[in-house]
Amino acid sequence: MKKKEKGQPGYIKWRKEKYLTGTIAEFAVVIALVVLGYVQTKTKLNLLTVVAAVGCLPASKMLVEFITIAPHQSIEKDIYQEIEAKASLLKRVYDLVITSPEKVMPVDAIVISGHTVIGYASNTKTDEITCARYLKDMLNANHHEKMTVKIFHDYKAFLSRVEGMNNIVEVGHTENVREDRAVRKLILSTCM
């Protein structure tokens, strides 16, 4: 599968596949080293077993990464395409797993325009208020004051808000593209 960047649709699916194949490959090497060492020396006390034991560290790290991302899903293709069509003039970010010190909050999509950030979270375990507050506080701490942040579980409400924001930009009330990019970069920095 083609490499995906953080914030692109399909990123979570790509990371799952990457970590799963990496975990399998690394543990296969560890097992091969143990077997090879035992076959050559007829004892488990050999240098290859030590190398295999040390090789368990990166393999285990890869396994932990996979277990962490496994419960989360990528945005559905039809939802992604609809958002792309309705928010063509706005900054968009997809497949986010926002990590605060207290919670992990999956968000399917975030749209940014000026001082407004709105998101759609299909996962009902994502607390809309906590997620919005966390993003707003993080943006305030990084000198993006007076931002309006709202997370929706209701897709239709989210989409109508996106259309309204896109229409405002289309009419000619363009916002600062550089600031929108900076806000996007900050939001991506809070995600795994």
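The values are calculated or read from the model by the stated rules, or taken from the named source; none is laboratory data. These numbers come from a predicted model, not from an experiment. A quick note on method: Cβ atoms are made from the backbone with ideal geometry, for glycine too, and the neighbour counts reach across all protein chains shown. Only protein heavy atoms, including side chains, enter the accessible area calculation; ligands, DNA and RNA are left aside. Shrake-Rupley method; radii C 1.70, N 1.55, O 1.52, S 1.80 Å.
Among PHE158, PHE27, PHE66, which one moves the most in a GNM of the chain with springs linking Cα atoms closer than 10 Å? So, out of PHE158, PHE27, PHE66, the one fluctuating most is PHE27.
Charge tally around HIS143: other residues with Cβ under 14 Å, Lys/Arg +1 each, Asp/Glu -1 each, net +1.
Using a 1.4 Å probe on the protein heavy atoms, what percent of the accessible area of the chain belongs to carbon and sulfur?
Numbers: 6550 of 11060 Å².
Carbon and sulfur together cover 59 percent of it.
Could I have the simple spin-label model distance between ILE67 and ARG181, label points 7 Å from Cα toward Cβ, reported in nm to one decimal? The two pseudo-label positions are separated by 4.0 nm. On the principal axes of its alpha-carbon atoms, region 11-70 has extents of 45, 14, 11 Å, going from largest to smallest. If only the Cβ of Lys and Arg carry +1 and only the Cβ of Asp and Glu carry -1, the dipole of region 1-144 around its Cα centre is close to 440 debye.
In this model, which of LYS86/LYS136; LYS2/LYS86; LYS13/LYS156; LYS13/LYS91; LYS6/LYS77 are farther than 19 Å apart at the alpha-carbon? Please report the intermediate quantities before stating the final value.
Values: LYS86/LYS136 24 Å; LYS2/LYS86 26 Å; LYS13/LYS156 25 Å; LYS13/LYS91 22 Å; LYS6/LYS77 17 Å.
In this structure, LYS86/LYS136; LYS2/LYS86; LYS13/LYS156; LYS13/LYS91 lie more than 19 Å apart at Cα.
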